[in-house]
Amino acid sequence: MKYNIDHISNTELEALIDTWVHGERNRIIMKRKLIDAVCFEPLAEEVGLSERQVRQIFKKNMAVIARQIQYEADKKRISEITAALPKEHCQTS
């Protein structure tokens, strides 16, 4: 599955990974793949796992990150829509 994360800075990606990816090894895999653009084979050698294992870890954690990105985007859209609505004036007696 393809994820569109081109609009997210490396700093934001790193913060998302640090917050939502559990386990130091998994965070290393995600940062090396997403920020440093390391291919799966050398990354697998680097962390001492098979390429298949690294791909599974990446896929699982990318889904977590994508859900969080979508959640934040939805929250922002709702906030923008709410801000654009006419304000109702409350009268107190």
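The values are calculated or read from the model by the stated rules, or taken from the named source; none is laboratory data. This is a predicted model, so every value here is computed, not measured. Please note: Cβ atoms are built from the backbone with ideal geometry, for glycine as well, and neighbour counts cover all protein chains shown. Accessible surface is based on the protein model in full, side chains and every heavy atom, while ligands, DNA and RNA are left aside. Shrake-Rupley method; radii C 1.70, N 1.55, O 1.52, S 1.80 Å.
Which residues, counting only those in the range 1-36, are under 16 Å from GLN68 (Cβ atoms) and aliphatic (A, V, I, L, M)?
Hits for the range 1-36 are MET1, ILE5, ILE8, LEU13, ALA15, LEU16, ILE17, VAL21, MET30, LEU34.
Just a yes or no: is a residue in the range 37-46 open to solvent by less than 80 Å² (accessible area, probe 1.4 Å), at negative phi and out of contact with any helix residue (DSSP H, G or I) (no Cβ under 6 Å at 6 or more places or on another chain)?
Yes, that holds for at least one residue.
Could you tell me which numbered condition PHE58 fails, if it satisfies all but one of (1) in a helix (DSSP H, G or I); (2) under 17 Å from the mean Cα position of the chain (by Cα); (3) free of Cβ contacts under 8 Å to residues at least 24 places away in the same chain?
The number of the failed condition is (3).
Name, by its number, the condition in (1) surrounded by 15 or more Cβ atoms within 10 Å (Cβ to Cβ); (2) not in a helix (DSSP H, G or I) that does not hold for HIS22.
Going through (1) surrounded by 15 or more Cβ atoms within 10 Å (Cβ to Cβ); (2) not in a helix (DSSP H, G or I) one by one, HIS22 breaks only (1).
Which number in (1) over 18 Å from ALA66 (Cβ atoms); (2) open to solvent by 70 Å² or more (accessible area, probe 1.4 Å) marks the one condition that GLU51 misses?
Here GLU51 meets the rest and fails (2).
Does at least one position in the range 65-74 carry a residue that is surrounded by 11 or more Cβ atoms within 10 Å (Cβ to Cβ), hydrophobic (A, V, I, L, M, F, W, C), more than 16 Å from ASN4 (Cα to Cα) and in contact (Cβ under 8 Å) with a residue 24 or more places away in the chain?
No, the conditions are met nowhere in the range 65-74.
Residues of the range 7-18 being closer than 14 Å to MET62 by Cα and either part of a loop (DSSP other than H, G, I, E, B) or more than 9 Å from the chain's Cα centre (by Cα) (or both), which ones?
Listed by number, the residues that qualify are ILE8, ASP18.
Only residues that are surrounded by fewer than 15 Cβ atoms within 10 Å (Cβ to Cβ) and in a helix (DSSP H, G or I): list them for the range 25-36, please.
The one that is surrounded by fewer than 15 Cβ atoms within 10 Å (Cβ to Cβ) and in a helix (DSSP H, G or I): ARG25.
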